[in-house]
């Protein structure tokens, strides 16, 4: 009798463990949309992007900003998840990389977000990739790269996603170079957090060199804004704004030095040239 009870208890434990394991696997099942296919460019082509000429802001301090306006500009911040894979099986190995983006234009059906090339670059060890875009309100969208919209030399890319019922902010780009010592605002998604706002000042302009994360022999070099608004891993592709809350740069790197923080952004005049060349070529 004692042995039979032990056997029954053992069997019940096995069944219970099986049910728990099954439930856990079901609960953790990935929800990536492997079936998504980007539309033909004729559906999302971007013809006219309006850029404002740079004018020095009349505001001089971060505390002068209107809190409501700062919140609304954050509605243009997006989290971009880059998933590289070779097999869409739940257990198959995948590379996941995330960064930030900023909506700079819209059409009737689509939003267009600037980000960094290295945020959306496909991992070299995988065959396929997909993109998820998450907005300020935690809504998920299927994203895709604008045709021809990746520039390694400037570390820039454009991600497109279809509109939903949720209205998001479109942030204007300034065509020009902000003066040294002017105050700036950075918005992005660092270290797993979202919609993080930091402030600082333009320290200087300088040429910086980027090394490719998959190939150390592959580098690029361009003029950068060097500023003191702190950014971290995950901030790449996020917006750098003047105090009029317009885009003056796209953040891409930082020193991660708490004693001497320096962050780097692609200046807006290079961004304007990138977008203009892209839209004029199609």
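Can you find even one residue in segment 117-125 that is assigned to a strand (DSSP E or B), within 29 Å of residue 85 (Cα to Cα) and touching a residue at least 40 places away in the same chain (Cβ under 8 Å)? Among the residues of segment 117-125, not one is assigned to a strand (DSSP E or B), within 29 Å of residue 85 (Cα to Cα) and touching a residue at least 40 places away in the same chain (Cβ under 8 Å), which makes the answer no.
Might you let me know whether segment 58-77 holds any residue that is part of a strand (DSSP E or B), in contact (Cβ under 8 Å) with a residue 40 or more places away in the chain and in contact with a strand residue (DSSP E or B) (Cβ under 6 Å, 6 or more places away or on another chain)? Yes.
On the basis of being touching a helix residue (DSSP H, G or I) at 6+ places or on another chain (Cβ under 8 Å) and either loosely packed, with under 11 Cβ neighbours inside 10 Å or modelled with pLDDT of 80 or more (or both), does residue 17 make the cut? No, not satisfied.
Scan segment 88-96 and tell me whether some residue there is within 24 Å of residue 234 (Cα to Cα) and either more than 17 Å from the chain's Cα centre (by Cα) or touching a residue at least 60 places away in the same chain (Cβ under 8 Å) (or both).
Yes, the conditions are met somewhere in segment 88-96.
Of the residues examined, residue 103 is one that is crowded, with 22+ Cβ neighbours inside 10 Å and assigned to a strand (DSSP E or B). Is it true that some residue in segment 260-268 is in contact with a strand residue (DSSP E or B) (Cβ under 6 Å, 6 or more places away or on another chain), part of a loop (DSSP other than H, G, I, E, B) and within 18 Å of residue 203 (Cβ to Cβ)? Yes, there is a match, as at least one residue in segment 260-268 is in contact with a strand residue (DSSP E or B) (Cβ under 6 Å, 6 or more places away or on another chain), part of a loop (DSSP other than H, G, I, E, B) and within 18 Å of residue 203 (Cβ to Cβ).
Could you please find all residues in segment 63-82 being within 16 Å of the chain's Cα centre (by Cα) and either crowded, with 21+ Cβ neighbours inside 10 Å or within 17 Å of residue 187 (Cβ to Cβ) (or both)?
Just the residues of segment 63-82 that are within 16 Å of the chain's Cα centre (by Cα), to begin with: 73-82.
Once the filter is applied, which keeps residues that are within 16 Å of the chain's Cα centre (by Cα) and either crowded, with 21+ Cβ neighbours inside 10 Å or within 17 Å of residue 187 (Cβ to Cβ) (or both), segment 63-82 yields 73, 74, 75, 76, 77, 78, 79, 80, 82.
The set of residues in segment 106-123 that are in contact with a helix residue (DSSP H, G or I) (Cβ under 9 Å, 6 or more places away or on another chain), within 17 Å of residue 276 (Cα to Cα) and surrounded by fewer than 23 Cβ atoms within 10 Å (Cβ to Cβ) comprises 107, 112. Checking each residue of segment 27-50 against the condition of being part of a helix (DSSP H, G or I) and modelled with pLDDT under 50 gives at least one match. Of the residues examined, residue 271 is not one that is buried (at least 22 other Cβ atoms within 10 Å of the Cβ), over 22 Å from residue 45 (Cα atoms) and touching a strand residue (DSSP E or B) at 6+ places or on another chain (Cβ under 8 Å).
The values are calculated or read from the model by the stated rules, or taken from the named source; none is laboratory data. Remember, it's a predicted structure, so these values are computed and weren't measured experimentally. Quick reminder, even Gly has a Cβ in these numbers, built from the backbone with ideal geometry, and neighbours come from all protein chains shown.
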